[in-house]
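Q: Sharing a structure here in structure tokens format.
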Amino acid sequence: MNAPTAAAHLLPAIHLRDVPPALIDALQSRFGTQCSTAQAVREQHGRDEGSLQAPPPSAVVFAESTQDVADAVKLASQYDVPVIAYGAGSSLEGHLLAVQGGISIDVSRMNRVLSVNAEDLTVTVQPGITRKQLNDAIKDTGLFFPIDPGADASIGGMSATRASGTNAVRYGTMRENVLALQVVTASGEVIHTGTRAKKSSAGYDLTRLLVGSEGTLGIMTEITVRLYPLPEAVSAAICSFPSIEAAVHTVIQTIQLGVPIARVELIDHHTVRMVNAHSKLTLREEPMLLMEFHGSPAGVKEQAETVQDIASEFGGQAFEWASTPEERTRLWTARHNAYFAAVQSRPGCRAISTDTCVPISRLADCLLESVDEVEASGIPYFLVGHVGDGNFHFGYLIDPDNADERTRAEQLNHQLVARALSMGGTCTGEHGVGIHKMGFLLDETGAGAVNMMRAIKRALDPKNILNPGKIFAM
Ligand SMILES: Cc1cc2nc3c(=O)[nH]c(=O)nc-3n(C[C@H](O)[C@H](O)[C@H](O)COP(=O)(O)OP(=O)(O)OC[C@H]3O[C@@H](n4cnc5c(N)ncnc54)[C@H](O)[C@@H]3O)c2cc1C
């Protein structure tokens with residue numbers, strides 16, 4: 001393991017490339033009202049939910065078809081101008097920032113379900129459909145798509161960031177759930193990767209290469225993902241603990257015993273307080289696990305009893321059950337809104353979100369040492385975690401105009417990543433690298449692996465126009 005470097009503190013390096021008026025004219029003539037240069041539209045497309053900033057792109061193309069994406073990329077390529085794919089704009093690490101200028105290609109209007117293959121448990125969609133839109137569209141099939149980042153992200157954005165969420169402990173991440181892609185390459189060519197078959201040994205696994213590539217290798221225009229039968233029985237419960245340590249040990253033992261729990265989320269007492277205020281709930285303001293069990297009625301009962309026994313060994317209070325679908329939705333909505341609840345708790349603040357993930361056996365050490373560190377720093381924070389995967393997020397709530405707070409928060413993040421890497425973990429379990437974690441990627445993988453990524457990027461995007469300046473510097 002290499003020690004994390006100060007590169008992790010970098011604010012975006014901005015090297016604007018020329019966007020000739022001739023390109024904007026060509027885009028406007030090809031796309032008409034689908035191309036906007038309005039300041040507000042450009043600004044909305046030049047930022048994400050993270051705390052970094054850069055000048056906005058010069059124009060936004062609202063693509064409505066694969067051909068639109070291909071034509072926009074071809075025009076940009078002709079003028080050597082960067083293109084940044086835009087899904088729902090919920091990424092957190094500076095993914096969408098136009099750090100080298102360029103144009104944004106917004107695919108949110110490409111939001112149709114193209115085909116549901118219920119018998120094969122797959123669906124093919126356009127990239128702009130959001131996870132909630134997809135689940136609404138297939139609700140009559142008895143199937144569902146489980147991956148649920150807190151935001152209502154697009155399937156294209158989720159594939160591009162290799163996202164996961166609360167259900168990953170049972171259903172996996174986008175890595176396991178994307179089967180096939182249609183992709184517009186840097187030259188504007190349309191290619192296909194993967195098939196709807198459950199497995200394949202056909203050549204390089206380009207689907208896996210593109211999933212998690214953050215818009216730097218191609219723009220996805222069709223995506224085939226796995227679906228799952230809606231579970232026969234679903235139960236959700238909350239359980240409060242005397243300490244974070246007790247909650248974490250309950251999770252570790254649950255996972256080590258192989259209980260197929262569907263969701264197990266840690267929320268610390270600060271965050272419970274923020275969630276109560278935001279979602280008008282009255283949860284006990286103590287460290288809490290929010291859990292969900294899926295299966296047959298007997299299976300769910302058995303899983304819940306096992307976890308309840310483990311929790312009581314560690315001083316957990318009796319489970320409080322959310323038995324109706326409405327109660328469950330209310331609880332999970334509150335969990336998914338924890339980020340916004342936290343940001344509202346300090347008016348004007350921005351959250352610097354961490355995303356480390358460690359092997360489950362190291363979760364308690366990593367988490368508890370990090371809690372001590374942030375408590376000692378005095379920076380306000382929230383803590384939530386998909387702890388069944390060993391993944392947790394601190395959100396340091398900083399005043400964006402206070403350079404000292406930003407430096408201290410970045411320092412905490414730096415120390416946290418160093419700890420996670422030393423324990424065999426990763427700097428990012430699910431949010432991706434973007435700009436913010438570029439230094440950490442080098443620390444995690446070493447120069448050899450980053451050089452291999454650079455070689456792939458050069459081969460597939462020789463003009464470096466696809467979301468340049470992200471993941472690693474060229
Ligand atoms: C409150 C909150 C909670 C969150 N919780 C989670 C969580 O639990 N788990 C998690 O994984 N993430 C989480 N996130 C982060 C975010 O939701 C994910 O990163 C999500 O996958 C981004 O999807 P998007 O559609 O918003 O993509 P965008 O932000 O629009 O884009 C993200 C990246 O993908 C690229 N991209 C977008 N569409 C395409 C395409 N069609 N082809 C190629 N590249 C494309 C963009 O260029 C960019 O680099 C959370 C964010 C917020 C604000």
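The values are calculated or read from the model by the stated rules, or taken from the named source; none is laboratory data. Only a predicted model underlies this, so the values are computations on that prediction, with no experimental measurement involved. Positions of Cβ are generated from backbone atoms using ideal geometry, with glycine treated the same way; all protein chains shown enter the neighbour counts. With ligands, DNA and RNA removed, areas are computed over all heavy atoms of the protein, side chains included. Shrake-Rupley method; radii C 1.70, N 1.55, O 1.52, S 1.80 Å.
Q: Pick from Thr271, Thr282: which is in the same structural domain as Ile360 (by TED's automatic domain parsing) and in a loop (DSSP other than H, G, I, E, B)?
A: Values: Thr271 fails: in a loop (DSSP other than H, G, I, E, B).
Checking each option against the conditions leaves just Thr282.
Q: Sticking with this one: Provide a single number: the residues in segment 359-398 that are hydrophobic (A, V, I, L, M, F, W, C) and open to solvent by 50 Å² or more (accessible area, probe 1.4 Å). Outline the logic, then answer.
A: Of the residues in segment 359-398, the ones hydrophobic (A, V, I, L, M, F, W, C) are 360, 363-364, 366-368, 371, 374, 376, 379, 382-384, 387, 392, 394, 397-398.
Subset that is open to solvent by 50 Å² or more (accessible area, probe 1.4 Å): 376.
Qualifying residue count, segment 359-398: 1.
Q: Check Asp140 against each of (1) more than 11 Å from the ligand (Cβ to nearest atom); (2) touching a residue at least 24 places away in the same chain (Cβ under 8 Å) and name the one condition it does not meet.
A: Failed condition: (2).
Q: Follow-up. For segment 90-133, what are the residues that are open to solvent by less than 10 Å² (accessible area, probe 1.4 Å), of a type in the set (Gly, Ala, Ser) and near the ligand (Cβ under 8 Å from one of its atoms)?
A: Gly128
Q: Being within 16 Å of the ligand (Cβ to nearest atom) and closer than 18 Å to Val387 by Cα is the filter here, so list the residues in segment 334-358 that pass it.
A: Here is the first cut: in segment 334-358, the ones within 16 Å of the ligand (Cβ to nearest atom) are 334-346, 349-357.
Matches in segment 334-358: Ala334, Arg335, His336, Asn337, Ala338, Tyr339, Ser353, Thr354, Asp355, Thr356, Cys357.
Q: Within segment 73-106, which residues are in contact (Cβ under 8 Å) with a residue 60 or more places away in the chain and part of a helix (DSSP H, G or I)?
A: Matches in segment 73-106: Val73, Lys74, Ala76, Ser77.
Q: Go through segment 49-67 residue by residue and tally those that are part of a helix (DSSP H, G or I) and either at pLDDT below 95 or within 12 Å of the ligand (Cβ to nearest atom) (or both). Spell out how you get there, then give the answer.
A: Step one: filter segment 49-67 for residues part of a helix (DSSP H, G or I), giving 66-67.
Still in the list and also either at pLDDT below 95 or within 12 Å of the ligand (Cβ to nearest atom) (or both): 66.
Number satisfying all stated conditions: 1.
Q: Hey, another quick one. Would you call Val259 surrounded by fewer than 23 Cβ atoms within 10 Å (Cβ to Cβ), farther than 25 Å from Asp372 by Cβ and in contact with a Ser or Thr (Cβ under 8 Å, 6 or more places away or on another chain)?
A: Details: surrounded by fewer than 23 Cβ atoms within 10 Å (Cβ to Cβ): yes; farther than 25 Å from Asp372 by Cβ: yes; in contact with a Ser or Thr (Cβ under 8 Å, 6 or more places away or on another chain): yes.
Answer is yes for this residue.
Q: Would you mind telling me which numbered condition in (1) buried (at least 24 other Cβ atoms within 10 Å of the Cβ); (2) of a type in the set (D, E, K, R); (3) in a helix (DSSP H, G or I) Lys470 fails?
A: (3)
Q: While we're looking at this one, here's another question. Step by step: first the residues of segment 399-456, then only those that are part of a loop (DSSP other than H, G, I, E, B) and without any contact (Cβ under 8 Å) to a residue 24 or more places away in the chain, then the one that is most open to solvent (accessible area, probe 1.4 Å). Which residue is that? Don't jump to the end; show me each part of the working.
A: Taking segment 399-456 first, the residues part of a loop (DSSP other than H, G, I, E, B) are 399-402, 423-425, 427-437, 446.
From what is left, the residues that are without any contact (Cβ under 8 Å) to a residue 24 or more places away in the chain are 401-402.
On the way: Asp401: 141, Asn402: 50 Å².
Among those that are part of a loop (DSSP other than H, G, I, E, B) and without any contact (Cβ under 8 Å) to a residue 24 or more places away in the chain, it is Asp401.
Q: Here is a further query. Could you please tell me which pairs satisfy a Cβ distance under 6 Å, a separation of 6+ or placement on different chains, a first residue in segment 372-389 that is free of Cβ contacts under 8 Å to residues at least 12 places away in the same chain and closer than 16 Å to Val272 by Cβ, and a second residue that is of a type in the set (Ser, Thr, Tyr) and open to solvent by 10 Å² or more (accessible area, probe 1.4 Å)?
A: none
Q: Take the residues in segment 9-48 that are in contact with a Ser or Thr (Cβ under 9 Å, 6 or more places away or on another chain) and among the charged types (D, E, K, R); name whichever of them is farthest from the ligand (Cβ to nearest atom).
A: Arg42
Q: When you scan segment 153-162, do you find a residue that is part of a strand (DSSP E or B), open to solvent by less than 10 Å² (accessible area, probe 1.4 Å) and small (Gly, Ala, Ser), even just one? If you could, list the steps in order and put the result at the bottom.
A: Filtering segment 153-162 down to residues part of a strand (DSSP E or B) leaves 154.
Narrowing the set further to residues that are open to solvent by less than 10 Å² (accessible area, probe 1.4 Å) leaves 154.
Retained after the next criterion (residues that are small (Gly, Ala, Ser)): 154.
Yes: segment 153-162 contains one or more residues that are part of a strand (DSSP E or B), open to solvent by less than 10 Å² (accessible area, probe 1.4 Å) and small (Gly, Ala, Ser).
Q: Here is a follow-up. What are the pairs, 6+ residues apart or on separate chains, where a residue within segment 25-54 that is at negative phi and crowded, with 18+ Cβ neighbours inside 10 Å has its Cβ under 7 Å from a residue that is among the small types (Gly, Ala, Ser) and in a helix (DSSP H, G or I)?
A: Leu27/Ala72
Q: Output yes when any residue across segment 439-454 is within 22 Å of Val83 (Cβ to Cβ), within 16 Å of the ligand (Cβ to nearest atom) and out of contact with any helix residue (DSSP H, G or I) (no Cβ under 9 Å at 6 or more places or on another chain), and no when none is. Walk me through it before giving the result.
A: Of all residues in segment 439-454, those within 22 Å of Val83 (Cβ to Cβ) come to 453-454.
Checking which are within 16 Å of the ligand (Cβ to nearest atom) leaves us with 453.
Filter once more, so that each one left must be out of contact with any helix residue (DSSP H, G or I) (no Cβ under 9 Å at 6 or more places or on another chain): none.
Within segment 439-454 (the criterion being within 22 Å of Val83 (Cβ to Cβ), within 16 Å of the ligand (Cβ to nearest atom) and out of contact with any helix residue (DSSP H, G or I) (no Cβ under 9 Å at 6 or more places or on another chain)), the answer is no, since none of the residues qualifies.
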